[in-house]
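**Q** Please find one structure pasted underneath; my questions will follow.
The values are calculated or read from the model by the stated rules, or taken from the named source; none is laboratory data. From a predicted model like this one, the values you see are computed outputs, not experimental measurements. For the accessible areas, the whole protein counts, side chains as well, though only heavy atoms, and no ligand, DNA or RNA atoms are used. Shrake-Rupley method; radii C 1.70, N 1.55, O 1.52, S 1.80 Å.
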Amino acid sequence: MTDIRADFTQTGPADAEFGDYVALLKPRVMTLVVFTALSGLLVAPGGIHPIEALAAIIFIALGGGASGALNMWWDADIDAVMKRTAKRPIPSGKVTEGEALAIGVTLSAISVIMLWLATNALAAALLAFTIFFYVVIYSMWLKRATPQNIVIGGAAGAFPPMIGWAAVTGSVSVEACLMFLLVFMWTPPHFWALALFMKSDYHEAKVPMLTVTHGRRATRTHILVYTIALLPVALATGLTSIGGPVYLAAALWFSLGFLHGAWAIWKRDEVQAEADSYATEKRVFRFSLSYLFVLFGALIAEAALRNLPAYAEFVAQFNLMEML
Amino acid sequence: MAIAREHPLHKRRSGRNVGLALVLLAFIALVFGLTIAKVSGGGSIEAFDHTYRPMLDPATLIPTEE
């Protein structure tokens, strides 16, 4: 009898809750993917049936989640070492590596095929390339090989607005490329700010983050340089057909705020940062999150306002692409 | 010693099953909705079997200039 009872009470490593499988898809990262993809979809010219739009967003998010699961499968060894990631489903023993791999591969295939059926081949191909880029180029190759991992790997996170655009138009334009560049240039300062106050984690996991390989002074300089480079990209987006006064005002104000934060990070040294527990770095990291949400939110606002004929006529004067 | 009827293990498995069922139902609903959207946006649809199709009848075709 005791043996039977033991069979009922023992739980294996694969005995996860539903939420553990959801956690495997990195829902927080998915929020950003959904928001930027939705922005790309809403600001694109032309129309799409609401159900097709909903399906496109769901399958882009699913593709992002699938690549997250594959990333967790590949990085299980370093996730176990880092404090920030030690509670993820695989290192905590709730989900096995095999399950994560199976879920990642299956969801990748489903998301790409369904996005193709729901929208078009270009959007599906871009999603497939994004998954490949994040899993193979970033996770398997760059992450452990170069301190520029975040810079090049950031491209994977920059594709969703372009996929959203392609889902509606079936093509890629200057506007889609600028939205891609916006996320691409935003990613390094965002993650390096995080790396500054998560120092010990990356160091112990032997991930060659810039803070580990080139030092913290160089990282502070890199944050400033990339934030300066982000400014023209943010403003140029406002001069295309998707921009306008509302976006330009938001982009200018928030880019200057981001620059101010990056400048504050650059001015500080380690003694000052440790004295206030990296308060500035944490503040800039949080600000960078709101930066992206505000800028893409402003693009959506522009798309909504352009339905007003008087506003559309007014905005046409700012369209650099048309002027050229 | 009696076997416990309700163990946390059962709750976890039940949660997993319910979660998966909801995901599958949502997927079915989405594919159904997508089918309706695609079909309704696809223009005229003609049956192929046992039905007279004017488009295939040479007599109904408008001659083009050569």
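**Q** Under a 1.4 Å probe, what is the accessible area of region A:203-307 per residue, stated in Å²?
**A** Working: 4660 Å² over 105 residues.
Result: 44 Å² of accessible area for each residue.
**Q** Using θ = phi - 60° and the Karplus relation 6.51 cos²θ - 1.76 cosθ + 1.60, list the HN-Hα couplings for region A:251-268 in order, rounded to whole Hz, with x at every Gly or Pro.
**A** Per-residue couplings from phi come out as 5, 5, 5, 6, 5, 5, x, 5, 4, 4, x, 5, 5, 5, 5, 5, 6, 7 Hz.
**Q** For B:Ser40, what accessible area in Å² do you get when you roll a 1.4 Å probe over the heavy atoms of the protein chains, rounding to the nearest 10?
**A** In the full protein context, B:Ser40 sits at about 90 Å².
**Q** Please determine, in degrees from 0 to 90 and to the nearest 10, the orientation of helix A:27-43 with respect to the longest principal axis defined by the Cα atoms of chain A, where the helix direction is its Cα long axis.
**A** 20 degrees
**Q** Quick check: convex hull over the Cα atoms of region A:16-170, volume per residue in Å³, rounded to an integer?
**A** 99 Å³
**Q** On the principal axes of its Cα set, how long, how wide and how thick is the protein assembly as shown? Give whole Å, largest value first.
**A** Sorted largest first, the three principal extents are 84, 72, 35 Å.
**Q** How do A:Trp253, A:Trp186, A:Trp263, A:Trp74 rank by accessible surface area computed with a 1.4 Å probe, from largest to smallest?
**A** Ranked list, largest accessible area first: A:Trp253, A:Trp263, A:Trp74, A:Trp186.
**Q** Which entries of A:Lys94/A:Lys282; A:Lys87/A:Lys267; A:Lys26/B:Lys38; A:Lys26/B:Lys11 have Cα-Cα distances beyond 26 Å here?
**A** Pairs exceeding the cut-off: A:Lys94/A:Lys282; A:Lys87/A:Lys267; A:Lys26/B:Lys38.
**Q** Of A:His203, A:His190, which has the most accessible area with a 1.4 Å probe, and how do the rest follow in descending order? Can you show the working numbers first?
**A** On the way: A:His203 115, A:His190 10 Å².
Sorted descending by solvent-accessible area, the residues read A:His203, A:His190.
**Q** Just to be sure I follow: if Rg is taken over the C-alpha atoms of region A:173-319 and Rh is the Kirkwood radius over the same atoms, what is Rg/Rh?
**A** The Rg/Rh ratio comes out at 1.08.
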